[in-house]
């Protein structure tokens, strides 16, 4: 990625309503080429609607959108030729084998039969499905089916891939396999637009994250930038007796005591969790002759960001 390259996805003032229900209220987004961009939000925030619009599945009510350099409204066919979509539900035909599913996609992309077979073989190997190539997809595990689904998306050699909750329902091992595949795709210059309910997934994968709530973007930045928006970082110091606890409170001059029985000898000191602040804290305790029995650093994570910046709709209306 370079700053000189135009964004792979550029969205300005995107709006969408269903009847009287406003789903998207003027969304602005810019996704760099080759980046992994994650759109987060509670159920009903409008994430899937954004993906459906950007992938030409439904129309917008307003706004300007460019995907892979093409104007969505003026040239949706060029957009479709440049993108791939893996939705929440697998598009795999369970009656066909893994190989047959890929060959079907090759036919739909008008590839020559020999070229299609070569591409199918490469994708089966890349996604560790060679041994299952001749087996019906109905016999595949959830992780295998999702890998096949993504492999089918790659038949068209897309520049931008929309992944709408791609690891929902997968076990931890299968989820990590998908993470590796997603990183490899981005490493090869493919732009990934990811929606997910798993905040750890966004934290680990995304270069940038946007948080959507009730049709409005409430925050955007790198995962670290978003975490710094939220107060609550602290160092928890546990002591073996009240004398040491009082000595620490006197030496530091700040902190709050945990009132629960299990943690009544724990002092929580506000901190950004950085090395410099931690070193200063320990030096002050050492100068006072106080040594904690245990120390733990807590910094806000994307769960804290999510819970702080989003809320439940008050009217109970459903948003796609």
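The values are calculated or read from the model by the stated rules, or taken from the named source; none is laboratory data. No experiment lies behind these values; they were computed from the predicted model shown. Neighbour counts are summed over all protein chains in view; Cβ atoms, including those assigned to glycine, are modelled from backbone coordinates with ideal geometry.
Summary table below
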{"quantity": "Residues within the stretch 121-143 that are in contact (Cβ under 8 Å) with a residue 24 or more places away in the chain and assigned to a helix (DSSP H, G or I), tallied", "calculated": "8"}
{"quantity": "Inter-residue pairs, beta-carbon under 6 Å, first in the same structural domain as residue 243 (by TED's automatic domain parsing) and farther than 10 Å from residue 233 by Cα and in the stretch 258-275, second surrounded by 13 or more Cβ atoms within 10 Å (Cβ to Cβ) and modelled with pLDDT under 85, 6+ apart", "calculated": "266/258; 267/255"}
{"quantity": "Test result for residue 160, in contact with a strand residue (DSSP E or B) (Cβ under 8 Å, 6 or more places away or on another chain), surrounded by 15 or more Cβ atoms within 10 Å (Cβ to Cβ), over 30 Å from residue 269 (Cα atoms) and at pLDDT 90 or above", "calculated": "yes"}
{"quantity": "Residue match in the stretch 48-60 (condition: assigned to a loop (DSSP other than H, G, I, E, B), under 17 Å from the mean Cα position of the chain (by Cα), modelled with pLDDT under 95 and under 29 Å from residue 302 (Cα atoms))", "calculated": "no"}
{"quantity": "Pick from the stretch 29-47, criterion in contact with a helix residue (DSSP H, G or I) (Cβ under 7 Å, 6 or more places away or on another chain) and surrounded by 21 or more Cβ atoms within 10 Å (Cβ to Cβ), ranking: modelled with the lowest pLDDT", "calculated": "41"}
{"quantity": "In the stretch 56-78, residue surrounded by the most Cβ atoms within 10 Å (Cβ to Cβ) [restricted to those that are touching a strand residue (DSSP E or B) at 6+ places or on another chain (Cβ under 6 Å) and more than 20 Å from residue 33 (Cβ to Cβ)]", "calculated": "60"}
{"quantity": "Complete set of residues in the stretch 79-103 that are free of Cβ contacts under 8 Å to residues at least 40 places away in the same chain, in a helix (DSSP H, G or I) and more than 20 Å from residue 34 (Cβ to Cβ)", "calculated": "80, 99, 100, 103"}
{"quantity": "Single residue of 245, 237, 278 found to be at pLDDT 90 or above, in a helix (DSSP H, G or I) and closer than 29 Å to residue 304 by Cα", "calculated": "245"}
{"quantity": "Residues being closer than 14 Å to residue 208 by Cβ, modelled with pLDDT under 95 and part of a strand (DSSP E or B) - total across the stretch 1-28", "calculated": "0"}
{"quantity": "Residue match in the stretch 175-188 (condition: surrounded by 15 or more Cβ atoms within 10 Å (Cβ to Cβ), part of a strand (DSSP E or B) and within 15 Å of the chain's Cα centre (by Cα))", "calculated": "no"}
